[in-house]
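See structure below.
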Amino acid sequence: MIEGSIVALITPMDEQGEVDYDGLERLITFHLSEKTDALLVLGTTGESSTLSSEEEEEILRFTVEKVNGKVPVIAGAGTNATKKTIERVNRFAELGADQVLVITPYYNKTSDDGLLAHFTAIADRSPVPIILYNVPSRTGMTIPIQVLERLAKHPKIIGIKEASGDISYVMAVARLLNETFVLYSGNDDMILPVLSVGGSGVISVWANIKPKQVHDLVSAFNNGNIEKAQAIQLEALPLIHALFSETNPIPVKAAMEILGLPAGPLRLPLVSLAEEKKEQLARLLKVKGSEKE
């Protein structure tokens, strides 16, 4: 089980809109030096919906090679088709993914029975552990607690990334946690509340720009320094909220450009962050030349 800060890594692009592998290597090196506990590639933050199958495979292969076993690598593998997801899970395992993240089906929303059958079929055929991904704002579906209770018993399903923002749902999930099923916050502004009910960490957008800070928040909590964890979480809230002022990953890529980290342009239909919001990010990041300075 992975504990701590798992970065939902962006996919850096060059000016032609192609994947920037030199930039990706720089980001991997950055995260390894800043104590990120695991890397998630091919997620929403990584613009996976605009990547080709060939690009996805090369990004994962490249990441696994450069990480070289120093931390776990997780790959986003979910689709809205069960058969396709099974194929991706197995291919990503072949390419070296330690775990996979599998989102609920989207667009062709299914019933509770269909959701149970979908995840069970994937888990039955997966050679690697699976983290479920609950993000109803993206998919229009929530994994019902009665379904999750059954899925949590599957030996290949080891946890859930919970990104509903619903604290009541989080509390219900917390009742299911044990040594074989864990909870990760999928919302950067709720890391501390999730940890307080037994969460194991966060799959974080914020960690793209402040990896050590996110790691330190979880580490402080786990070491009993609740005051330090609380201070980190509360101080970062304005920045975290700014990182979600537009569809993710638009703001975080802008923030990375401000900080001089590899990011590059977005792929359509996503477009660059508005200038006033870039200025707000610069102020919150305390970059020289911003109004706050």
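For the peptides 108-117, 189-198, residues were scored by their other Cβ atoms within 10 Å and the scores averaged per peptide; the highest-first order is 189-198, 108-117.
Carbon-plus-sulfur fraction of the accessible area of the chain, 1.4 Å probe, in percent? Spell out each step's value before the answer.
Numbers: 6150 of 12770 Å².
Whole-percent figure for carbon plus sulfur exposure: 48.
Scalar couplings 3J(HN,Hα) for the stretch 36-48, obtained by applying the Karplus form with A = 6.51, B = -1.76, C = 1.60 to θ = phi - 60°, are 4, 8, 6, 10, 10, 10, 6, x, 4, 5, x, 6, 4 Hz; x denotes Gly and Pro. For the stretch 182-195, 3J(HN,Hα) computed residue by residue from phi via the Karplus equation (6.51, -1.76, 1.60; θ = phi - 60°) reads 10, 10, 10, 5, x, 10, 5, 7, 10, 4, 4, x, 5, 4 Hz, glycine and proline entered as x. Peptides 92-101, 238-247 ordered by packing proxy, namely the average of other Cβ atoms within 10 Å per residue, highest first: 92-101, 238-247.
Which percent, nearest 5, of DSSP beta bridges in the stretch 4-225 are antiparallel? Display every interim value, and only then the final one.
Working: 2 of 30 bridges.
Within the stretch 4-225, antiparallel bridges account for around 5 percent of the total.
Applying the Karplus relation 6.51 cos²θ - 1.76 cosθ + 1.60 with θ = phi - 60° to the stretch 108-124 yields 3J(HN,Hα) values of 8, 4, 10, 7, 4, 5, x, 5, 4, 5, 4, 5, 5, 4, 5, 5, 4 Hz, where x marks Gly and Pro. Solvent-accessible surface of the chain, averaged per residue with a 1.4 angstrom probe and all protein chains in place: 44 square angstrom.
Please say if the stretch 184-232 is rounded, prolate or oblate, where rounded means a/c under 1.5 for a ≥ b ≥ c the square roots of the C-alpha gyration tensor eigenvalues, and otherwise the choice is prolate for a/b larger than b/c and oblate otherwise?
Values: a/c = 1.86, a/b = 1.20, b/c = 1.55.
Oblate, because a/c is 1.5 or more while a/b does not exceed b/c.
Out of Ala123, Leu51, Leu27, whose Cα points farthest toward the positive end of the dipole of the stretch 4-225 (charges: +1 Lys, Arg; -1 Asp, Glu; placed on Cβ)? Final value for the positive-end residue is Ala123. Shape class of the stretch 4-225 from the Cα gyration tensor (axes a ≥ b ≥ c, square roots of the eigenvalues): oblate, since a/c reaches 1.5 or more and a/b does not exceed b/c.
Around the amide H of Thr104, modelled in the peptide plane, lie the amide H atoms of Tyr133, Val135, all under 5 Å away and 5 or more residues distant in sequence or on another chain. Per residue, the average separation of C-alpha pairs within less than 8 Å and at least 6 apart gives the chain a relative contact order of 19 percent.
Per 0.36 nm of contour for each residue apart, how much would the distance between Leu268 and Arg138 grow if the chain were fully extended, relative to their Cα-Cα spacing? Write down the numbers at each step before the final one.
On the way: separation 130, 0.36 × 130 = 46.80 nm, distance 1.72 nm.
Difference between extended and current length: 45.1 nm.
The values are calculated or read from the model by the stated rules, or taken from the named source; none is laboratory data. Keep in mind that what you see is a predicted model, and the values were worked out from it rather than measured. No Cβ is skipped: glycine too gets one built from the backbone with ideal geometry, and neighbour counts run over all protein chains shown. What goes into the accessible areas is simple: the full protein's heavy atoms, side chains included, and nothing from ligands, DNA or RNA. Shrake-Rupley method; radii C 1.70, N 1.55, O 1.52, S 1.80 Å.
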